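J.: The structure is given below, and queries will be raised subsequently.
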Amino acid sequence: MDLTLNVWRQERADAPGKIVSYDVPGVDEEMSFLEMIDVLNERLIEKGEEPIAFEHDCREGICGSCSMVINGVPHGPQPETTTCQLYMRHFKDGDTIFVEPFRAKAFPVLRDLIVDRSAFDRIQQAGGYISINTGNAPDANATPVNKEASEAAIDAAQCIGCGACVASCKNASAMLFVAAKVSHLSLLPQGQPERYQRVLNMVSTMDDEGFGACTNQSECEAVCPKGISVSYISRMNRDYLRASVSTPV
Amino acid sequence: MSAVETSSKLDAKIPAGPIAEKWTRYRFENKLLAPNNKRKFHVIVVGSGLAGGSAAATLAEQGYKVTCFCFHDSPRRAHSVAAQGGINAAKNYQNDGDSVFRLFYDTVKGGDFRSREANVYRLAEVSSEIIDQCAAQGVPFSREYGGLLANRSFGGAQVSRTFYSRGQTGQQLLLGCYAALNRQIKSGGVTMVTRHELLDIVQVEGHARGIVTRDLKTGEISSHAANAVVLATGGYSNVFYLSTNAMGSNVTATYRAYRRGAFFANPCFTQIHPTCIPAAGDYQSKLTLMSESLRNDGRVWVPKKQGDTRKPREIPEAERDYYLERKYPSFGNLAPRDIASRAAKEACDDKRGVGPGGRGVYLDFKDAIARLGKDAVAARYGNLFDMYNRITGENPYETPFRIYPAPHYTMGGLWVDYNLMSTIPGLFVIGEANYSDHGANRLGASALMQGLADGYFVLPATIAQYLAGFKGLVSDTRPAAFREVEQDVKGRLEKLLQVGGNKSSASFHRELGQVLWDKCGMSRTEAGLKEALGKVKDLRERFWKEVRVPGRIDQLNPALEEANRVADFLHMGELMCHDALQRDESCGAHFREEHQTPDGEAKRNDQDFCYSSAWEYTGDDAVPTLNKEPLEYENVKLAVRSYK
Amino acid sequence: MSPLVESVVRFLRSTVGTKVLMALTGLALVGFLVAHLAGNLQMLAPGGKAPELMNAYAAQLKGLGPLLWIARIGLLGTFALHVALAIRLTALNKAARPVPYAYESTVQASWGSRTMILTGSVVILFVLFHLAHFTLGFTHPEHYALHDAQGRHDVYNMVVAGFQVPAVAVGYGLAMFVVGLHLSHGLGSLVRSLGLSNPRLRLLTQRLGVAVAILLAVGFALIPSAVQSGWIQPSTSVEGSNK
């Protein structure tokens, strides 16, 4: 099939960018979206032009590197699918496709489609852990974990930290991401001692990083490649409220 | 028992004593560093996957000053994240006869008796502690209804000792050690440097004293000094171009260290994973692994008839060849990876392969669905079924998976002693980047185990031995050695940009991969390897004349990063071929067609080849020098590895 | 800072805390709407009892004296706070995405959720008009001046006369549609902001929110419709006393 790509090109973080149009003839429907861009990039290199810079790594939907918005939707049109696992069979001959970087103040563009998502790391540094040093652990089966809680924790922990939730949210809010991280730990017995301080610290860092607030639209859930439920946001709000009002005494 | 003589340049420093006491005794006899002294030592950890992340976090917990580098934007993206199946541990929670010794034995046997006993035993010993550590960190392992940890069985073992977290054990374990790392970053114990790629290591007076990196955001080349350098930079499967590794996985760190004097051990031991999704076309950029756990319930088959083009469901039971069950009745579909991969290749070479180009075999869940019900199968493997469906557009609940082997893991790596130190003093190598524990073939669910064993438990204990020799903190990047290496690195990058040809580096990488896959892949011959040596050399020469690397050095330039990595792969491929040619036997994943049993199994030659090959760099275009470390087996009996 | 002040400040500064407050003020306003509607529905009382019920109810409210003023100030304050928080959040949310997408697309977000600020702004304008119309009597002083036989403020006839003006009736109808749209998202949303949603309750609260929004909007719109359709007639029994 023959496609037209309208791609955001921006040379540096502080340079202005613009949408540039490329004709991409001869796309095979068994190609992944990224392989289609690989093909375009090779053609650009052979023509002596600058290839499109984009972030990608594992190409199997788990590292969370892909950061493209395809026709206005992060990771494109297929539900629960990262860009790297999006196949061209979902497009048709003659399509015009817009490819833009994730847009958020907290995710500044570095080049073309590459954005800086280190804000996510800083949020997790603020408390996304259980404080235990190596070598101090009791036997793993000494603490049984309720199966339902454990499954719910895994559901939350599936988050791959891609930031599609932020990219899709009209407020560029990181609530789904933070809620998934907070809930994964607060659902487990091991996470209880730090449960309330953790949510306060992580939300506070989230706000400081310049993400917006949650309007409860659930767009984040709709684009999340791991289908993480917005119910975790409600759960985090609950934890946050409790953390704000309760004291140990 | 072996006639092989140890190279004088190799000292494995294996502690004395019975195998079960070596590690305990070692730790007792190890010099201790006072907490206030640890602060005076700076350790650089390169890589933030399971091995690097856990090492950096643990070293910082112990009080060392740690700087951790990764080329990703976040430590959480390291390729450990992609491991699906699980992690082994000799917990014997299932009471099915597992023990440290059995895990040790299975690993040595699985590696076809080409690994170092003492290291493997230690690995099996600390395996249980890893599970405890991870559970305490909040790693959400899959559990039984009673709330205790669930186990599954995995290829190459007859006990259920694999812990898992649905189909994303790697991500969950990585997030666990990433969390531990974050805690240390927050408290100031670890300085995390992201988007920096190691381009060379620096030695002062014969000791590793630092690294030179390129800031991938700005292109700035800078030096970093430390008392010790730890490489946790993963494997080199991407030398084959198409592999299950992430696109960014590369050999640069270990290859650069090799060029600076670290010996590279067993480079030809590369594992081909049997259950990957076959390539669809020549634009294919990578191959996707389907967890080997699928072989627990799926049955592998090909049509009995050559060139059978019927749809799988139209082929009657009697006309199917369940070749793994036929050839290996006791292990059946759970035969080790190297054996399962080669059997698939044989079937396809016999023109009985399925799918595009006949490069595929079926992995069928029809019987499992009939036996367990679709829901139970979905609960176990649902995400893998979905992933396959997303990629191929086929529904594996109705039609069997098509699978084919793909390069997946490299047992080879930088040579290390019992302390995990390379032949360059002060340069430690952990995780997949070293060669230590898996011999000629790695068992499933053992990579995560080794990465975390090295990072959480082994390195933090052994590095103290080395650091105890220092008086104070090393942080000085003024020695001339740093300037020289920086100039080297810059010169090379500038050279790449100036070639000014008209071909992408990817096109050379593809060619290299094809040569190695054909001649140094699942099966190898003397003639093929000699041919490959010539081709790789020729390809390298063409690369430096015809490649075009766009952009500049002082900017975010993914094309330059890629070209630099490909340049190293072009050397690495040659090193692999040298090793494969020299190892004139078959063992584990290294299958020399000249050496096979009448029924096509690998035939080891323990008399002449019971050693690890540690290659010493002698020049970019020179043949490297071989150093041998003989392997002594005192606790397991060298035997023909049989899974029949 | 005292620990109390510290925790209150932290809560109010956070987006999560702000949303909780948004939800609480929204909930209070919805509570007011329910009470208001209950009062209004007396307009539809059968058997000619409506004028008496309405005017007595109004007189009773007036009779509350200072309590009424406290309620009014509280209500106004809640409304103002809700608006102020909305303005703060909107500014923050806009700042969080300085560069818009060239190609905008929405996967599933409801119309109501995407127009909260717009519908909210319309509600402000409507409330201003509504206060000027019925509470302060600025727009139609002649209706506001009506009194019944007992000398009470003739609220019943004021409302009927007000809604007999077609433009006013249509305006109120449209405004109620907008209020309904605002609440169709707001109600479900506030449950989540308050942390009261979970996977089991999620669908229920969401649908309940929409149902309540529709009931409120239809309930309020019933009165102008009833006047326009002639179901509610001016009350003659008290007409004479106005002169």
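The values are calculated or read from the model by the stated rules, or taken from the named source; none is laboratory data. This is a predicted model, so every value here is computed, not measured. Backbone-built Cβ (ideal geometry, glycine too); neighbour counts: all protein chains shown.
J.: Check B:I201, B:I131, B:I211 and return the single one that is facing chain A (nearest Cβ under 7 Å) and modelled with pLDDT of 95 or more.
T.: Among B:I201, B:I131, B:I211, only B:I131 is facing chain A (nearest Cβ under 7 Å) and modelled with pLDDT of 95 or more.
J.: What residue, among those in region B:295-318 that are touching a strand residue (DSSP E or B) at 6+ places or on another chain (Cβ under 6 Å) and not small (G, A, S), is nearest to the other protein chains (Cβ to nearest Cβ)? Spell out the reasoning first.
T.: So the first thing to find is which residues in region B:295-318 are touching a strand residue (DSSP E or B) at 6+ places or on another chain (Cβ under 6 Å), and the list is B:298-302, B:304, B:312, B:315.
Narrowing the set further to residues that are not small (G, A, S) leaves B:299-302, B:304, B:312, B:315.
Numbers: B:R299: 24, B:V300: 21, B:W301: 24, B:V302: 22, B:K304: 29, B:P312: 19, B:I315: 24 Å.
Here the residue is B:P312.
J.: Output the residue which, of all residues in region B:605-644 that are surrounded by 20 or more Cβ atoms within 10 Å (Cβ to Cβ) and modelled with pLDDT under 95, is nearest to B:L570 (Cα to Cα).
T.: Applying the filter and picking the extreme gives B:R641.
J.: Based on what the data block shows, is A:V109 more than 24 Å from C:Q108 (Cα to Cα), at pLDDT 95 or above and not small (G, A, S)?
T.: Values: more than 24 Å from C:Q108 (Cα to Cα): yes; at pLDDT 95 or above: yes; not small (G, A, S): yes.
Taking the combined requirement at face value, the residue satisfies it.
J.: Hey, can you tell me all the residues within region B:301-326 that are assigned to a loop (DSSP other than H, G, I, E, B), exposed (fewer than 11 other Cβ atoms within 10 Å of the Cβ) and not hydroxyl-bearing (S, T, Y)?
T.: Step one: filter region B:301-326 for residues assigned to a loop (DSSP other than H, G, I, E, B), giving B:304-311, B:315-316, B:322.
Among the residues that remain, those that are also exposed (fewer than 11 other Cβ atoms within 10 Å of the Cβ) are: B:307, B:309, B:311, B:316.
The answer is B:G307, B:K311, B:P316.
J.: Report whether or not B:Y611 is touching a strand residue (DSSP E or B) at 6+ places or on another chain (Cβ under 6 Å), assigned by TED's automatic domain parsing to the domain that holds B:E117 and over 30 Å from B:R326 (Cα atoms).
T.: Numbers: touching a strand residue (DSSP E or B) at 6+ places or on another chain (Cβ under 6 Å): yes; assigned by TED's automatic domain parsing to the domain that holds B:E117: yes; over 30 Å from B:R326 (Cα atoms): yes.
In short, yes.
J.: Checking A:G161 against (1) more than 28 Å from the chain's Cα centre (by Cα); (2) assigned to a loop (DSSP other than H, G, I, E, B); (3) facing chain B (nearest Cβ under 7 Å), which test does it fail?
T.: Here A:G161 meets the rest and fails (1).
J.: Follow-up question, since we're still on this one. With the checklist (1) at the interface with chain C (Cβ under 10 Å from one of its Cβ atoms); (2) within 25 Å of B:P75 (Cα to Cα); (3) over 19 Å from the mean Cα position of the chain (by Cα) in hand, flag the one item A:V203 doesn't pass.
T.: Result: A:V203 passes all but (3).
J.: How many residues, within region C:96-148, are touching an Asp or Glu at 6+ places or on another chain (Cβ under 7 Å) and away from chain A (no Cβ under 14 Å)?
T.: Of the residues in region C:96-148, 3 are touching an Asp or Glu at 6+ places or on another chain (Cβ under 7 Å) and away from chain A (no Cβ under 14 Å).
J.: If you check every pair at least six apart or on different chains, which have Cβ atoms under 9 Å apart with a residue in region B:301-323 that is at positive phi and at pLDDT below 95 first and a residue that is crowded, with 18+ Cβ neighbours inside 10 Å and assigned to a loop (DSSP other than H, G, I, E, B) second?
T.: Short answer, once both residue conditions are applied: B:G307/B:R352.
Each row is one residue, and each column tells you yes or no for (1) modelled with pLDDT of 95 or more; (2) at positive phi; (3) in a helix (DSSP H, G or I).
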residue	(1), (2), (3)
B:A3	no, no, no
B:P15	yes, no, no
B:R27	no, no, yes
B:L33	no, no, no
B:G53	yes, no, yes
B:D73	yes, no, no
B:S80	yes, no, yes
B:G85	no, no, no
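J.: For region B:251-267, enumerate the residues that are surrounded by 24 or more Cβ atoms within 10 Å (Cβ to Cβ) and part of a loop (DSSP other than H, G, I, E, B).
T.: Matches in region B:251-267: B:V251, B:A262, B:F263, B:N266, B:P267.
J.: Moving on. Spot the failing condition for B:Y283; the list is (1) crowded, with 16+ Cβ neighbours inside 10 Å; (2) in contact (Cβ under 8 Å) with a residue 12 or more places away in the chain, and only one is missed.
T.: (2)
J.: For residues that are part of a loop (DSSP other than H, G, I, E, B) and crowded, with 23+ Cβ neighbours inside 10 Å, tally how many sit in region B:336-359.
T.: Residues flagged as part of a loop (DSSP other than H, G, I, E, B) and crowded, with 23+ Cβ neighbours inside 10 Å within region B:336-359 amount to 3.
Quick grid of which residues meet (1) modelled with pLDDT of 95 or more; (2) part of a helix (DSSP H, G or I); (3) under 23 Å from C:L128 (Cβ atoms):
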| residue | (1), (2), (3) |
| --- | --- |
| C:G186 | yes, yes, yes |
| C:L196 | yes, no, no |
| C:L203 | yes, yes, no |
| C:R207 | yes, yes, no |
| C:V210 | yes, yes, no |
| C:L215 | yes, yes, no |
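J.: I'd like the full set of residues that are facing chain B (nearest Cβ under 7 Å) and in a helix (DSSP H, G or I), limited to region A:121-158.
T.: A:D121, A:Q124, A:Q125, A:A140, A:N141, A:K147, A:S150, A:A153, A:I154, A:A157, listed by residue number.
Yes or no, residue by residue, for (1) surrounded by fewer than 24 Cβ atoms within 10 Å (Cβ to Cβ); (2) under 19 Å from A:L187 (Cβ atoms); (3) under 27 Å from the mean Cα position of the chain (by Cα); (4) of a type in the set (D, E, K, R):
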position	(1), (2), (3), (4)
A:F102	no, no, yes, no
A:A106	no, no, yes, no
A:L113	no, no, yes, no
A:R122	yes, no, yes, yes
A:I130	yes, yes, yes, no
A:N141	yes, yes, no, no
A:A149	yes, yes, yes, no
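J.: Restricting attention to region B:557-569, does a residue exist that is in contact with a Lys or Arg (Cβ under 9 Å, 6 or more places away or on another chain), outside any helix (DSSP H, G or I) and surrounded by fewer than 17 Cβ atoms within 10 Å (Cβ to Cβ)?
T.: no
J.: While we're looking at this one, here's another question. Condition first: basic (K, R) and at pLDDT below 95. Now tell me which residues in region B:462-499 satisfy that.
T.: Of region B:462-499, the ones basic (K, R) are B:471, B:478, B:483, B:490, B:492, B:495.
Selection gives B:K471, B:R478.
J.: Next question. Against the condition more than 14 Å from chain A (Cβ to nearest Cβ), in contact with a strand residue (DSSP E or B) (Cβ under 7 Å, 6 or more places away or on another chain), under 19 Å from B:M572 (Cα atoms) and crowded, with 19+ Cβ neighbours inside 10 Å, how does B:V485 come out, does it pass? Don't jump to the end; show me each part of the working.
T.: Working: more than 14 Å from chain A (Cβ to nearest Cβ): yes; in contact with a strand residue (DSSP E or B) (Cβ under 7 Å, 6 or more places away or on another chain): yes; under 19 Å from B:M572 (Cα atoms): no; crowded, with 19+ Cβ neighbours inside 10 Å: yes.
Criteria not met by B:V485.
J.: If I filter region B:164-178 for residues that are more than 30 Å from A:F120 (Cα to Cα) and either assigned by TED's automatic domain parsing to the domain that holds B:S128 or assigned to a helix (DSSP H, G or I) (or both), do I get at least one hit?
T.: Filtering region B:164-178 for residues more than 30 Å from A:F120 (Cα to Cα) gives none.
No, that holds for no residue.
J.: Something else: For region B:194-239, give me each residue that is acidic (D, E) and more than 27 Å from B:P407 (Cβ to Cβ).
T.: Hits for region B:194-239 are B:E205, B:D215, B:E220.
J.: Given the criteria in a loop (DSSP other than H, G, I, E, B), in the same structural domain as B:L149 (by TED's automatic domain parsing) and touching a residue at least 24 places away in the same chain (Cβ under 8 Å), does B:S7 qualify?
T.: Working: in a loop (DSSP other than H, G, I, E, B): yes; in the same structural domain as B:L149 (by TED's automatic domain parsing): yes; touching a residue at least 24 places away in the same chain (Cβ under 8 Å): yes.
It is true that B:S7 is in a loop (DSSP other than H, G, I, E, B), in the same structural domain as B:L149 (by TED's automatic domain parsing) and touching a residue at least 24 places away in the same chain (Cβ under 8 Å).
J.: Do we have any residue at all in region A:51-63 that's more than 12 Å from chain C (Cβ to nearest Cβ), out of contact with any Ser or Thr (no Cβ under 7 Å at 6 or more places or on another chain), closer than 22 Å to B:G551 by Cα and free of Cβ contacts under 8 Å to residues at least 24 places away in the same chain?
T.: The answer is yes; a qualifying residue exists.
J.: All but one of (1) within 14 Å of chain A (Cβ to nearest Cβ); (2) on the phi < 0 side of the Ramachandran plot hold for B:K490; which doesn't?
T.: Single failed check for B:K490: (1).
J.: List every residue pair whose Cβ atoms sit under 6 Å apart, with the two residues 6 or more apart in sequence or on different chains, where the first one lies in region B:59-76 and is more than 14 Å from A:T134 (Cα to Cα) and the second, anywhere, is among the hydroxyl-bearing types (S, T, Y).
T.: Every condition considered, the pairs that remain are B:T67/B:T191; B:C68/B:S48; B:C70/B:S48; B:C70/B:T194; B:D73/B:T194; B:P75/B:S48; B:P75/B:Y178; B:R76/B:Y178.
J.: For region B:451-473, does any single residue satisfy the condition of being within 30 Å of the chain's Cα centre (by Cα), in contact (Cβ under 8 Å) with a residue 40 or more places away in the chain and under 24 Å from B:C587 (Cα atoms)?
T.: Quick first cut of region B:451-473, residues within 30 Å of the chain's Cα centre (by Cα) only: B:451-467.
Narrowing further to those that are in contact (Cβ under 8 Å) with a residue 40 or more places away in the chain: B:451-467.
This time we only want the ones that are under 24 Å from B:C587 (Cα atoms), so: B:451.
The answer is yes; a qualifying residue exists.
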